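Only one structure is covered here, and it is reproduced in the block below.
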Amino acid sequence: MQPYITYPSFGHAADEYGVTAATCIYIAEFGIAESARGKRLGSILLDFSQAHCPAETSSYLVRTLVKTYGTDAPNPAVRFYKKKGFRVVEHHGTGEPLIEIRSQRPRLFLRYDVRQP
């Protein structure tokens, strides 16, 4: 996890993702090996990292593959993030998911907004 603003290629798109660049944490390359799934490791790691982020953090943004790599099966990470309270980032006003295509693989953005006291 890194502050969103350390990713210069995303800086221009903070509004599109619905985040404030200065207070958003970007979750990059977070995954659990298939053989280790179902043991709450993903939840433990995500909960720990969220608990140790700067106090001013307002949101988290994650980009993940739509399909499991090399298959047509839905990526289980999408369900995981939704269970953890993340919402799919949508195109402004369309209700359609914001999808990015890189290396011919569609990627989906999900966002979690921190509830400030």
Margin query: Any residue at all in the stretch 6-23 that's surrounded by 11 or more Cβ atoms within 10 Å (Cβ to Cβ), at pLDDT below 90, among the aromatic types (Phe, Trp, Tyr) and closer than 13 Å to Leu110 by Cα?
Written below: yes
Notebook entry, point to check: What residue, among those in the stretch 68-114 that are more than 19 Å from Ala14 (Cα to Cα) and basic (Lys, Arg), is surrounded by the most Cβ atoms within 10 Å (Cβ to Cβ)?
Noted result: Lys84
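Here's the yes/no breakdown for (1) hydroxyl-bearing (Ser, Thr, Tyr); (2) in contact with a Lys or Arg (Cβ under 8 Å, 6 or more places away or on another chain); (3) over 18 Å from Ile99 (Cβ atoms):
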site: Tyr17; (1), (2), (3): yes, yes, no
site: Ala22; (1), (2), (3): no, no, yes
site: Lys39; (1), (2), (3): no, no, yes
site: Leu46; (1), (2), (3): no, yes, yes
site: Thr64; (1), (2), (3): yes, yes, no
site: Lys67; (1), (2), (3): no, yes, no
site: Gly70; (1), (2), (3): no, no, yes
Item checked: Residues satisfying the stated conditions in the stretch 36-55, i.e. closer than 22 Å to Asp113 by Cβ and part of a helix (DSSP H, G or I) -> Gly42, Ser43, Ile44, Leu45, Leu46, Asp47, Phe48, Ser49, Gln50, Ala51
Margin query: Can you confirm whether Gly31 is closer than 19 Å to Lys83 by Cα, at pLDDT 85 or above and either among the small types (Gly, Ala, Ser) or part of a helix (DSSP H, G or I) (or both)?
Written below: no
Next item on the list: Considering only residues that are of a type in the set (Gly, Ala, Ser) and part of a loop (DSSP other than H, G, I, E, B), look in the stretch 61-112 and name the one that is modelled with the highest pLDDT.
Entry: Gly85
Next item on the list: Within the stretch 49-60, identify whether any single residue is modelled with pLDDT of 90 or more, in contact with a strand residue (DSSP E or B) (Cβ under 7 Å, 6 or more places away or on another chain) and not hydroxyl-bearing (Ser, Thr, Tyr), and answer yes or no.
Entry: no
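The values are calculated or read from the model by the stated rules, or taken from the named source; none is laboratory data. The structure presented is a predicted model; accordingly, all values stated were derived computationally and were not measured. A quick note on method: Cβ atoms are made from the backbone with ideal geometry, for glycine too, and the neighbour counts reach across all protein chains shown.
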